[in-house]
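Below: one structure, written as structure tokens.
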Amino acid sequence: MVFGSQPDFFLITFSLIYLIITAILSLILIWSRNVRNNPAILPFQILLVLFIIATVILSLFSFTNSLDTWILLEKIGYFSYAYASVFFFIVTWQYIGYKDIWRCKLTPLMFIVPSITILLLWMPGYQSLMMSNFYFDTSGIVPTLVYQYGIWGYVHTINNVIFMFGSLVLLVISFYSHTDTRKKGIQYLLAGFIIFCIWNMLYTAGFIPLWVFNLPFPLLLFSILMSIAIFRYNALDFLPMARNLVLEQISDLFLIISVDNRVIDINPSMAQAFDLNHRSSIGAHISDVFSNYPDFISILSESDGNVSFFSLKKGELALIYAIKKSTISDKEGNALGNVLILHDITELEHALDMLEKSNTELQLINTKLQDEITERKKVEGALHLTMKKLTLLNSMTRHDIRNQLRTILGFLYFDKKELTDPEQIRRNQMENNACLSILNHIEFAQLYQDVGKYEPIWNSVSEIIDKVIGQLNLSEIKIIHDISDFELFADPMFEKVLYTCFDNSIKHGERVTEIKIWVDTHSDSCSLMYCDNGVGIQEDEKEVIFNHGYGKNTGIGLFLAKEILAITKLTIKETGEPGKGSRFEIEIPAGFWRINFSTQHNIS
């Protein structure tokens, strides 16, 4: 291939050099995949891709002598030229450890100028704003593509200079903020970057021609220096960033000592807690640095792996630290030093002391409660024995009275047959009624005595309804209910409550043909509804029917039902409409009902 009088030997040589640079950059890109959790690694990888695009494009120039092809390659290469300075700035920003640049609202503004540059290059009508007047320059040892910048070309150049200068400032800051080992790596990065920048500035200022500027040696030198910085000194490793972002900011005390017990590094929290000067402490022996803390020096001499505790007095305040010591080793297992992390557990210790005091107080209270419970059990035992005796006495008394009354009723029955005087017959009937009334009162006393005698239980309403239906003659009455999963917490005598409702419908409903039972839920409580289609209950009787002694018969049923329900805070009222049937509502508070054992409420 020949351009004018120039042989193609130099073009091919330079293309091979650019391909070597491409291989070096590709190796660095492959290596970067091993770095994890580093905010700088993604923009660094993008920057490497841009460099690789540029070197590949430059290596392709030797394979064609078409001006149109060279222009096309130049436009493709501008993807690298336009964005490289921006991403180099982002790499250095993220590496320094400032606020994450991707979360900054102004970050998209950095891509405006490069994006407009690319758009102008690929829009034929606007390309002249960026570059125009393309031609080959063969005056040097290699041909070059020459063109004139439009007004936007100078904007693009100024934008690159601004970002490169910003990157230089950030690298200098990074150089002075890291340890000596890290500084060596950053020195190589700075050297390569400065050489690259100087080469660009010399061309921009017109000191070197374009064909000299396109020589691959500055880029090759920059790639070699960057490789040394990365592979030998881990210049872009995560450790320096971790120290800036973590160790400098954590409240835990951090100390690194060498195998010969010299201080390698401390974080600000450590320096503040022990009143140390960071600069004078680095490199000094622990016996000198911590001379005022002999107990701490003895802890530093102990073997690693175990957690130790140290009390640091600060005036009248004593701070307690838990110390974890770990050994730092190289890949061969040789010890390089030790890392100590001191975590402040003062508040935890105070909390444990308070907990221990509270535990002691609780034990004393528990002992007193145990004594009270023992005493109460004795009292309850005595009361239980007394109640048992009273129940036996009541049972025997009722039995004797009942026998005597039946004897009297027997004599009254035989006397009545021999009486002829109307007055005597009337008196005989009154005496007979009085005896029957006494018997009813005795029966009520026996029932009432059993109310609350046993602990409340969960009652299956459906099972109780079926049981009551079997005890009464309800063959001509339609019973409607679908509450098979409903249970309520009540006295074991709850069966008598439903029995009384059914009995009331049979005896006083007069024309009852249908009885409905259902549950209305409202919030956490609910109502068990009982309704018939009989004559109902008059408005002036709705409350008094629950009084003792009221009614057409003994007046015991509804009064007893109310008392049974009251044991577990349940209430009953009559809300039916006279002439349309009676309706009893049993109000059940939250915690005293459940459905299907899945929706349960605690007993309050």
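The values are calculated or read from the model by the stated rules, or taken from the named source; none is laboratory data. Since we're looking at a predicted model, the values are computed, not measured. Counting neighbours? That spans all protein chains shown, and the Cβs are built from the backbone with ideal geometry, glycine included. Quick note on the areas: whole protein, heavy atoms, side chains included, nothing else; ligands and nucleic acids left out. Shrake-Rupley method; radii C 1.70, N 1.55, O 1.52, S 1.80 Å.
A compact table of results
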{"read-out": "Candidate set from segment 131-166 (those that are open to solvent by less than 30 Å² (accessible area, probe 1.4 Å) and in a strand (DSSP E or B)); member that is modelled with the highest pLDDT", "value": "MET131"}
{"read-out": "Test for TRP518: is it open to solvent by 60 Å² or more (accessible area, probe 1.4 Å), touching a strand residue (DSSP E or B) at 6+ places or on another chain (Cβ under 6 Å) and closer than 29 Å to ASP485 by Cα", "value": "yes"}
{"read-out": "Close pairs (9 angstrom Cβ cut-off, 6 or more residues apart or separate chains): in contact (Cβ under 8 Å) with a residue 12 or more places away in the chain in segment 339-365, basic (Lys, Arg) and open to solvent by 70 Å² or more (accessible area, probe 1.4 Å) anywhere", "value": "VAL339/LYS324; LEU340/LYS324; ILE341/LYS324; LEU342/LYS324; HIS343/LYS324"}
{"read-out": "Residue in segment 390-410 that is open to solvent by less than 90 Å² (accessible area, probe 1.4 Å), among the charged types (D, E, K, R) and at pLDDT 80 or above present", "value": "no"}
{"read-out": "Residue within segment 484-501 that is open to solvent by 60 Å² or more (accessible area, probe 1.4 Å), outside any loop (DSSP other than H, G, I, E, B) and within 27 Å of SER437 (Cβ to Cβ) present", "value": "yes"}
{"read-out": "Qualifying positions in segment 285-298 - of a type in the set (A, V, I, L, M, F, W, C) and either at pLDDT 85 or above or open to solvent by less than 20 Å² (accessible area, probe 1.4 Å) (or both)", "value": "ILE286, VAL289, PHE290, PHE296"}
{"read-out": "Matching residues in segment 253-306 - criterion: being over 41 Å from the mean Cα position of the chain (by Cα) and β-branched (Val, Ile, Thr)", "value": "VAL259, ILE282, ILE286, VAL289, ILE297"}
{"read-out": "Conditions (1) under 23 Å from PHE9 (Cα atoms); (2) among the aromatic types (Phe, Trp, Tyr); (3) crowded, with 21+ Cβ neighbours inside 10 Å; number of the one not met by PHE63", "value": "(3)"}
{"read-out": "Residues that are touching a strand residue (DSSP E or B) at 6+ places or on another chain (Cβ under 7 Å) and of a type in the set (Ser, Thr, Tyr), drawn from segment 471-509", "value": "SER505"}
{"read-out": "Among the candidates VAL86, VAL91, VAL113, residue that is open to solvent by less than 70 Å² (accessible area, probe 1.4 Å), part of a helix (DSSP H, G or I) and modelled with pLDDT under 85", "value": "VAL91"}
{"read-out": "Filtered residue count, segment 502-515, keeping only those that are in a strand (DSSP E or B) and open to solvent by less than 20 Å² (accessible area, probe 1.4 Å)", "value": "1"}
{"read-out": "Yes/no for LEU50 being under 30 Å from SER174 (Cα atoms) and in a helix (DSSP H, G or I)", "value": "yes"}
{"read-out": "Some residue of segment 448-464 being open to solvent by 70 Å² or more (accessible area, probe 1.4 Å), in a helix (DSSP H, G or I), modelled with pLDDT of 80 or more and within 30 Å of LYS562 (Cα to Cα)", "value": "yes"}
{"read-out": "Filtered residues of segment 470-483 (kept if under 22 Å from LEU565 (Cβ atoms), open to solvent by 50 Å² or more (accessible area, probe 1.4 Å) and over 53 Å from the mean Cα position of the chain (by Cα))", "value": "GLN471"}
{"read-out": "Unmet criterion (only one of (1) farther than 28 Å from THR22 by Cα; (2) touching a residue at least 60 places away in the same chain (Cβ under 8 Å)) for PHE136", "value": "(1)"}
